[in-house]
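Values in this text are rule-based calculations from the coordinates and carry no lab data. Remember, it's a predicted structure, so these values are computed and weren't measured experimentally. Every residue, glycine among them, receives a Cβ derived from its backbone with ideal geometry; neighbour counts consider all protein chains shown.
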There are 2 protein chains.
Amino acid sequence: MPEYTAVPMSATLAADEALARRRRAGERVLPMASGEIGLPVLPALRDRLAAAADENAYGPVPGSEALRTAAAGYWARRGLAVDPGLVVAGPGSKPLLFALLLALGGDVVVPVPSWVSYAAHARLAGARPLPVPIRPGEGGVPDPERLREAVTAARAAGRDPRTVVVTVPDNPTGTVASPGTLRRLAAAARELDLVIVSDEIYGDLYFDTPAPAGSPARHAPERTVVTTGLTKNLAVGGWRTGVARLPDSDTGRALHTRLVSVASQIWSSPPAPVQAAAAYAFGEPPEITERIAAGRRLHGAVARAVAGRFTAAGALLAPVRATCYLYPDFEPLRDRLARTHGVEGGEDLARFLGERHGIGVLPAGAFGEQGQLLRIRAATSRLYGDSDAQRTAALQAPDPLALPWIRQAVEWVGDALSDLTGARPHPHRHSTAPARQF
Amino acid sequence: MPEYTAVPMSATLAADEALARRRRAGERVLPMASGEIGLPVLPALRDRLAAAADENAYGPVPGSEALRTAAAGYWARRGLAVDPGLVVAGPGSKPLLFALLLALGGDVVVPVPSWVSYAAHARLAGARPLPVPIRPGEGGVPDPERLREAVTAARAAGRDPRTVVVTVPDNPTGTVASPGTLRRLAAAARELDLVIVSDEIYGDLYFDTPAPAGSPARHAPERTVVTTGLTKNLAVGGWRTGVARLPDSDTGRALHTRLVSVASQIWSSPPAPVQAAAAYAFGEPPEITERIAAGRRLHGAVARAVAGRFTAAGALLAPVRATCYLYPDFEPLRDRLARTHGVEGGEDLARFLGERHGIGVLPAGAFGEQGQLLRIRAATSRLYGDSDAQRTAALQAPDPLALPWIRQAVEWVGDALSDLTGARPHPHRHSTAPARQF
């Protein structure tokens, strides 16, 4: 008898809507709560969607052959060749992740910290999330040793974990698990007979190397599902498109049947015009590749500049290598923050930055961490401008930080942190500056 | 500990894909298994989607204010005024129906027969469907007296039914519950404290009267959720767009909070470019109203012509008043069908028509009925032509049955039924006719 499963509103989407309300009320806000990519659609990609506007048939549940073939090519170019028959497209990678948990059954290991929706997905699927901490600096992947212990203990207690979800590169920490950790994770999953669901939506936002970030699918190909989409690399989150790559194994083929059945009952098929545009994008013609590279450069430059402000303020921060997220830890400043501002945990930090400085960030508690930790997640992907003209200029700039609106946003963060740490305690510094709203 | 919940692939989508495979293999098939509307997109509507192709932001989880306001206007014009704040848009009414069951919790009463996905949704939400038969000729609404008995017995047995799903007008029977039945259903739901989820996706396909079909929301406004979309009236199923109208009551407002949370975790927001087009469509400017009316006339004319072939063959059929579905019952021919063709149930009937005549229909078992019943569902919405030119001509024709391709499709059904009933037993009559494929 199912009681209603209480899941919270997605913290990122809730924070975004709260910021939008404040903005409409005339307040100046710096939106760093959600990782929505504040960039316009590449015109060539937009034109593909427009050209497909008369496509009104459902088509196959797992997506068109053109889209699945293009997605298979995208993965093949990243060392993960796959039969298009094992690709399943959906209206976003979020619904695919949820449907995968429904199709897999059993309980689900989630990293701590991890993206706001994995635990909610597990609960909505009738499962219980089994939290396992990451190794320091290697977010998104549960520490393989602690994974072994937790799964063994859970099974001894009568629970039935069958899946471990990982994020490579990681949201919220912006870090990337090392090949060694991925290898050990894969070995542990094999030993424990767990399916790995690897969310690789940030796979193209890995800054310093042309090589892709690692994937557990290299180490445990028979049991790893990979998901991705065009939300981060091409900024079309609002279009809702994602793809899953199922393993070429008996496990993968059985899961394919069940996943397609679940998809047929929940969403029928991905939106047809979006499928046509997504097939073009996953095909990666030169203009798409260039645009993805430009986004990567911009995200890297701005994330690192903002990271500099956090470390200058005395927060701990892992080296910035991927995504558009910073996950600073203010633990070294605990005494001072408590004394000067009564800030004693992640919620206090987020409230201080939000109410006093109009900067929206999320407390670490939104990602499954304990409330007393002085950690927040700050997303830098919406600091690129107020208009499409500014955002396009940011994409094209050799040095985005030389653009006044971006420099101003970085300073806004720096000033707020100075106020927080007492280095320069005057709030509302920006209140007399020209109104700037995102 | 959740075992994997085995749900079948959506029977309509599975049958469609099987027919598509046969067609690709060069076979001639008449696709009457799914109710996909085989008509092109209205050009003005297509243009709205194309013009919104650069909309790439998520926007609010329940959909844009423009879309929710337009949907509220659509309902107001049908006597169901609602605050746009109680409207929730999603990527199809199917995901909304599923999310509603997740948000409501408890077990779910479903009519017998009913659409293939309600029972699957209940199971995926961790609930059990509680089947209650309809009154003859009033499909989509469980017989109110039997609803009382079933819910009372289920509660006595420790189960917790909280919701009853209804379909007005109905799929699969193509019938419309009478106002009296809707009133008694509403009274029973109030007495039993059940929420009514009323799927009104066929609300604009009610043939003979300008008045809308009834809705339980008129009789139990405090507890009725209404869902609809643009899949049937404007033939854009592949776009994936739907809306839910929540009751203006404490129940409705609490449900709204939970539904939006579930939506935020499963699909984030409906596809943004589709939202823009849907806002235009729900606004119902004259060209949209005319197109909906033309579709209604075409569906009515063709459904009735095909119905005539079923009744001429000796099947029982309720008067055709809405949708694009026929639900003939061959019980009067049971002895003859068993003797001449070994046909003893719905599956046998569907197999006979499919394998011997290339006509795809679904057995009543797909809708929760017992296998030995000699009932099938035949959808007539894809008999309008092989090309957009033919389909547009069908929409515009004063007498669609005068068009050769539609007449031929109706004759194809008639000939197959003649073969079935022995009136003219030669199969493959069409095998020498010019190839015609849908």
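Before moving on, here are some points about what is shown:
- Label-to-label distance for A:Gln372 and B:Glu411 is 8.5 nm, based on points extended 7 Å past Cα in the beta-carbon direction.
- Couplings 3J(HN,Hα) for segment A:109-117, derived from phi with the Karplus relation 6.51 cos²θ - 1.76 cosθ + 1.60 (θ = phi - 60°), are 7, 10, x, 10, x, 7, 3, 4, 9 Hz, where x marks Gly and Pro.
- Share of alpha-carbon pairs per 10 Å distance bin for segment B:43-283, given as whole %: 8, 35, 37, 17, 4, 0
- Cα-based shape type of chain A, given that a ≥ b ≥ c are square roots of the gyration tensor eigenvalues and the cut on a/c is 1.5: oblate
- Report summary: the helix-based calculation at 222 nm, which adds -39500 (n - 2.57) for every DSSP H run with n ≥ 4 and divides by the residues of the protein assembly as shown, gives -13000 deg cm²/dmol.
- Antiparallel bridges, percent of DSSP beta bridges restricted to chain A (to nearest 5): 45 percent
- Helix A:144-156 vs. chain A, principal-axis angle (Cα, 0 to 90°, nearest 10): 60 degrees
- Axis angle, to the nearest 10 degrees, between helix A:93-104 and the longest C-alpha principal axis of chain A: 50 degrees.
- Neighbourhood charge, 11 Å Cβ-Cβ cut-off, centred on B:Arg46 and excluding it, Lys, Arg +1 and Asp, Glu -1: -2
- Proximal charge balance of B:Leu317 [Cβ under 14 Å; K/R count +1, D/E count -1]: +2
- A cut-off of 5 Å between modelled amide H atoms, ignoring neighbours fewer than 5 places along the same chain, links B:Ser198 with B:Val166, B:Val225, B:Val226, B:Thr227.
- On the basis of the beta-carbon distance and an R0 of 56 Å, A:Glu331 and A:Ala51 show a calculated FRET efficiency of 0.60.
- For B:Lys94, the lysines whose Cα falls under 18 Å of its own Cα, not counting residues fewer than eight places away in the same chain, are A:Lys94, B:Lys232.
- Percent of beta bridges antiparallel (DSSP, the protein assembly as shown, rounded to nearest 5): 45 percent
- Extension gain, A:Arg351 to A:Asp248, is 32.4 nm, computed as 0.36 nm per intervening residue step minus the present C-alpha separation.
- Per-residue Karplus couplings for segment A:71-83, computed as 6.51 cos²θ - 1.76 cosθ + 1.60 with θ equal to phi - 60°, are listed in order as 5, 4, x, 4, 5, 4, 5, 10, x, 10, 3, 8, 5 Hz, Gly and Pro entered as x.
- Choice from A:Pro131, A:Pro142, A:Pro169 with maximal GNM fluctuation in chain A (Cα, 10 Å cutoff): A:Pro131
- Peptide A:6-16 has a mean shielding of 5, counted as Cβ atoms of other protein chains within 10 Å of each residue's Cβ.
- In terms of its C-alpha gyration tensor, the protein assembly as shown has a prolate overall shape, because the principal axis ratio a/c (a ≥ b ≥ c, square roots of the eigenvalues) is not below 1.5 and a/b outweighs b/c.
- For the protein assembly as shown, a simple Cβ point-charge model (Lys and Arg +1, Asp and Glu -1, everything else neutral) yields a dipole of about 80 debye relative to the Cα centre.
- Legend: calculated FRET efficiency, A:Asp386 to A:Ala18, from the Cβ-Cβ distance at R0 = 22 Å, rounded to 0.05, equals 0.70.
- Along segment B:196-209 the Karplus relation, 6.51 cos²θ - 1.76 cosθ + 1.60 evaluated at θ = phi - 60°, assigns HN-Hα couplings of 9, 9, 9, 7, 10, 5, 9, x, 9, 10, 10, 6, 9, 9 Hz to successive residues, with x for each Gly and Pro.
- Lys, Arg +1 and Asp, Glu -1 on Cβ, resulting dipole of chain B about Cα centre, debye, nearest 20: 480 debye
- Degrees between helix A:404-421 axis and first principal axis of chain A (Cα, 0 to 90, nearest 10): 70 degrees
- Nitroxide proxy distance, nm - points 7 Å out along Cα→Cβ at B:Ala338 and B:Ala81: 5.9 nm
- Each of B:Leu316 and A:Glu27 was given a label point 7 Å from its Cα along the Cα-to-Cβ line. The distance between the two points is 6.5 nm.
- DSSP-defined beta bridges in segment A:57-283 - what % are antiparallel, rounded to 5: 35 percent
- Residue among B:Asp170, B:Asp399, B:Asp204 with the largest mean-square fluctuation in a Gaussian network model of chain B, springs linking Cα atoms under 10 Å: B:Asp399
- Highest mobility in the GNM of chain B, judged by mean-square fluctuation with C-alpha springs under 10 Å and restricted to B:Arg28, B:Arg135, B:Arg339, is found for B:Arg339.
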